[in-house]
C-alpha cells in the first residue's frame, strides 16, 4: 500500500464495484469495501500504474 | 433525483466483449452510439481481466478447418440447439473481419512470430481453439470505442427498456455511484449483458466465486422478455470443471494441452467412457465426472505431469492470460501442475447455453434482431452467439444491423413520456424503505432452490416443486431494502436472477426429453428424442404468465 499514490484507477475500473476511495491524512486511498464480491479478475493489479496491489486469497479458497 | 435525457441512434446495454464490438459495428456504419455498463467498459464483462482462447476455422488446408467443417461440428455437438443458417450469418460470415479487427485494435490473435497457436478439445474434429494473450483485450476495445466518439456511460446500470406501441425505443438506468437517472431514447437498442452466473448454489461457498463473471445476472434477457421478446435454450444448465476452491477458467487450456482426468482409484475415466477421451465435448466430461463423484470415485484431478517442459510453460502462461490470478492461486495453495495432479470439481450451474457454439437467451435471427421491433441482441445474452468468438463476431454484426435499422426510423414526437417520474421512482424504491430483507438473503434462497430442484438430475415433480418455491420468493422482491446505490444494483440483479430461474424451471419442465446431458437431464425422460425434440424451446410472456412453444431445427 505504501506505493499507492491515490490515483483512483482501481476504483474506476473494478467490475465488482468493490473498491472505493477513502480520505486519508495526505490523500485519498483505495480500500476493498466489498471483499466478498471480488472476482479475482486481477484487473486492478494489472492496471495499477504504481504496482501497489497484491492478491491474497482468503482461507476458504485455499482450504476447501 | 436528477434525471438526464439522452437521444441516440443506437443504445447498447452492456459494454463487455459483445457490447464493445457492437459499438464499433454501429459507429463504423455512421450511427451515434451510447454504451451503458454497470462497470467500466475498459475492464467489465466476462473477459475483463483477460482471456486466452478464440474458436475459429482458418482454412489452412484441412477439411475440418473450413466453414462447412465448422458447421458440421456445430451440428455434431449442438444438435437441436441452434440454426446453422443463423450461426453461419452471425459468426462464420463475420469471422475474417473479426480476426483482422482484433489485430487492428492492438490485441492480435497470433503469437509474437505471427503464427496461430492452435489446440483442439471439446469434441472438435481438429484444432479450433486459438490460444492468444488477451490480457489487454478489454482495455484495447474500451479505447477503440471511445476513440470512435461513442458516448460511454460507465457505472450506469440499465434496469428497463422503453416500449412504445410494441416497439423498443430505448431504455432507462441509474448511475451506481451518484444516483443520476438516465432516460435514453434510441432508434435501435442492443442487449449485450451476458449470461446468468449467480443462479445456483456455489460449491465454493461464496456466490461471487463463479467460473464466469458473477456480475452477469441475466438483466438484459429479463428486460427483453418484459418488452415482449422471445428467448430460447433457457432450460440448459451449463457447468464445467475447475480447480477446487477457485472458479477460474482454464478447462480448454488444460485439456487442449493434453491434461487427463483422473479419479481417486487412479483411473483416467474419460479415456474409458468416450472415444474422444479427455477431448470429448464439455457436457460429456461434466456428465461422466458427476457420475464418478456419485459412485464415490472422487476426488477428481487433472493430471498434467506427462506434459513436456515446453508445453507446461505454454500452459501456465495461457492459464494466466485466461485468469490473471490463477498462477498466484496455485502458488498460494501449493499446487504444481508438473509435480502432482491438481484437484478439480464441478462448477455451479449457470444459464449460459448448451455448447461453446450455440447459446441461450434472446432469440435472434440472421441479422441479430430480436422478435420485437427495435431490439437486437448479441454475445452470451442471445441464443446464437457463444463465448469469446461469438461475442466478437456477433457483437459487430448486431451493431451493423442496429445502425442500418436506425437509419430507417425518423421520429418527431417524444416517445419516452410513458416513462413517468412515478415509474422512475419505483426503480429506486428499495433505497426508500425504512426496513426490509437484505438482497443476499433472497438470492441465497433462489440459489438453494435451483440447486435442489432444478439441478442436473431433473424430474417433473422436482421442477414443479421448485417452480412453486420460486414463485413464493417473488412476493419478497418488493420487500428488499437497499442501504446504498451499490446494494440497489444488487437488488435489481436479484430480481433478474429469480426471473431467469423461473424461465429455466419452466422450460426444463416443457422439454420432455434429455439433451446435452447433464445440461438438461430429465430422469423421467432420460433419452435424447430427435424425432420430437430436435429444436428450440421458445419462451415468451403471455400477460403475466410464461408461454412455451417448440421450434424444430432441420438439417440438410
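The values are calculated or read from the model by the stated rules, or taken from the named source; none is laboratory data. Predicted model, so just to flag it, every value in this text is computed and none were measured. We place every Cβ from the backbone using ideal geometry, glycine too, and count neighbours over all the protein chains shown.
Data overview
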{"read-out": "Of the criteria (1) crowded, with 19+ Cβ neighbours inside 10 Å; (2) within 14 Å of chain A (Cβ to nearest Cβ); (3) in contact (Cβ under 8 Å) with a residue 40 or more places away in the chain, which one residue B:362 fails", "value": "(2)"}
{"read-out": "Any hit, the range B:494-513, residues being in contact with a strand residue (DSSP E or B) (Cβ under 7 Å, 6 or more places away or on another chain), touching a residue at least 12 places away in the same chain (Cβ under 8 Å) and exposed (fewer than 14 other Cβ atoms within 10 Å of the Cβ)", "value": "yes"}
{"read-out": "Qualifying positions in the range B:465-477 - assigned to a helix (DSSP H, G or I) and farther than 27 Å from residue B:293 by Cα", "value": "B:467, B:468, B:469, B:470, B:471, B:472, B:473, B:474, B:477"}
{"read-out": "Tally, over the range B:177-226, of residues that are in a loop (DSSP other than H, G, I, E, B) and either surrounded by 22 or more Cβ atoms within 10 Å (Cβ to Cβ) or under 22 Å from the mean Cα position of the chain (by Cα) (or both)", "value": "25"}
{"read-out": "Segments classed as helices (runs of 4 or more DSSP H), wholly inside the range B:232-327, with at least 2 members that are under 30 Å from residue B:220 (Cα atoms)", "value": "B:251-256, B:282-294, B:309-322"}
{"read-out": "Complete set of residues in the range B:98-131 that are surrounded by 16 or more Cβ atoms within 10 Å (Cβ to Cβ) and under 21 Å from residue B:399 (Cα atoms)", "value": "B:98, B:99, B:101, B:102, B:105, B:107"}
{"read-out": "Strands (runs of 3 or more DSSP E) within the range B:1-106 that include 1 or more residues modelled with pLDDT of 95 or more and within 21 Å of residue B:119 (Cβ to Cβ)", "value": "B:53-55"}
{"read-out": "Helices (runs of 4 or more DSSP H) fully within chain A counting 1 or more residues that are over 23 Å from residue B:38 (Cβ atoms) and within 12 Å of chain B (Cβ to nearest Cβ)", "value": "A:59-63"}
{"read-out": "Qualifying residues in the range B:230-266 (those that are at positive phi and within 14 Å of chain A (Cβ to nearest Cβ)) - the one nearest to the chain's Cα centre (by Cα)", "value": "B:250"}
{"read-out": "Hits in the range B:157-172 (condition: more than 20 Å from the chain's Cα centre (by Cα) and within 14 Å of chain A (Cβ to nearest Cβ))", "value": "none"}
{"read-out": "Tally of residues being within 14 Å of another protein chain (Cβ to nearest Cβ) and either without any contact (Cβ under 8 Å) to a residue 40 or more places away in the chain or assigned to a strand (DSSP E or B) (or both) across the range B:147-156", "value": "3"}
{"read-out": "Which listed residue is out of contact with any strand residue (DSSP E or B) (no Cβ under 9 Å at 6 or more places or on another chain) and within 14 Å of another protein chain (Cβ to nearest Cβ), from B:46, B:37", "value": "B:46"}
{"read-out": "Those residues of the range B:238-252 which are out of contact with any strand residue (DSSP E or B) (no Cβ under 7 Å at 6 or more places or on another chain) and more than 17 Å from residue B:325 (Cα to Cα), in sequence order", "value": "B:240"}
{"read-out": "Those residues of the range B:322-343 which are over 20 Å from residue A:38 (Cβ atoms) and touching a residue at least 24 places away in the same chain (Cβ under 8 Å), in sequence order", "value": "B:335, B:337, B:338, B:339, B:340, B:341, B:342, B:343"}
{"read-out": "Close pairs (6 angstrom Cβ cut-off, 6 or more residues apart or separate chains): free of Cβ contacts under 8 Å to residues at least 12 places away in the same chain in the range B:21-40, outside any helix (DSSP H, G or I) anywhere", "value": "none"}
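Yes or no, residue by residue, for (1) within 21 Å of residue B:188 (Cα to Cα); (2) surrounded by fewer than 17 Cβ atoms within 10 Å (Cβ to Cβ):
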{"site": "B:396", "(1), (2)": "yes, no"}
{"site": "B:405", "(1), (2)": "yes, no"}
{"site": "B:408", "(1), (2)": "yes, yes"}
{"site": "B:415", "(1), (2)": "yes, yes"}
{"site": "B:421", "(1), (2)": "no, yes"}
{"site": "B:426", "(1), (2)": "no, yes"}
{"site": "B:430", "(1), (2)": "no, no"}
